[in-house]
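Enquirer: Submitted below is the structure of interest, expressed as structure tokens.
The values are calculated or read from the model by the stated rules, or taken from the named source; none is laboratory data. From a predicted model like this one, the values you see are computed outputs, not experimental measurements. Here Cβ is always computed from backbone atoms with ideal geometry, including for glycine, and neighbour counts include all displayed protein chains.
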Amino acid sequence: TRILILTRGFHNILPMATTWWLVTNLMNIAIPPSMNFTGELLIMSALFNWCPTMIIMLGLSMLITASYSLHMFLSTQMGPTLLNNQTEPMHSREHLLITLHLIPLLMISLKPELVI
């Protein structure tokens, strides 16, 4: 978090990296069909059966977490760039590496029987 000011405006410099970061952020804030969404639904139903007033605190914590993740994404990706030096664009091997990390996550989210 010490260099968040320097990462401002990365949307203009590295648009595909921004897209990948958005996808991982959306998975983190429990957008369906992510594993986080399934986990949060199971936690919410279990806590609601245990203590109905707990759902308010859990809902607020989920809302705060999601808004913080989106705030971090928007504060680092949007706005004017502060760096004038050129960066190398991402090559296809980096996109392949990120894809190979995210596809199993999506597959496990859509079909959890693959793991169990």
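Enquirer: Given L70, L74, L60, L100, which one is within 20 Å of T19 (Cβ to Cβ), loosely packed, with under 11 Cβ neighbours inside 10 Å and at pLDDT 85 or above?
Expert: Result: L100 is the single residue among L70, L74, L60, L100 that is within 20 Å of T19 (Cβ to Cβ), loosely packed, with under 11 Cβ neighbours inside 10 Å and at pLDDT 85 or above.
Enquirer: Separate question: Considering L105, L60, which residue is farther than 23 Å from L4 by Cβ and touching a residue at least 60 places away in the same chain (Cβ under 8 Å)?
Expert: After ruling out the rest, the residue left standing is L105.
Enquirer: Give me a count of the residues in segment 19-35 that are surrounded by 16 or more Cβ atoms within 10 Å (Cβ to Cβ), farther than 16 Å from Y68 by Cα and among the polar types (S, T, N, Q).
Expert: Residues meeting the conditions: 1.
Enquirer: Could you say whether any residue in segment 84-93 is of a type in the set (D, E, K, R), in a helix (DSSP H, G or I) and at pLDDT below 85?
Expert: For segment 84-93, residues of a type in the set (D, E, K, R), in a helix (DSSP H, G or I) and at pLDDT below 85: present.
Enquirer: Among the residues of segment 8-24, how many are closer than 15 Å to L102 by Cα and not in a helix (DSSP H, G or I)?
Expert: 0
Enquirer: Scan segment 25-49 for residues that are part of a helix (DSSP H, G or I) and free of Cβ contacts under 8 Å to residues at least 40 places away in the same chain and report the count.
Expert: Residues that pass the stated criteria total 13.
Enquirer: Right, next: Would you mind finding the one in I5, I56 that is part of a loop (DSSP other than H, G, I, E, B), hydrophobic (A, V, I, L, M, F, W, C) and over 25 Å from P112 (Cβ atoms)?
Expert: Result of the check over I5, I56: I5.
Enquirer: Here's a follow-up. So G79 clears everything in (1) more than 23 Å from L26 (Cβ to Cβ); (2) modelled with pLDDT under 85; (3) among the small types (G, A, S) except one condition, right? Which one?
Expert: (1)
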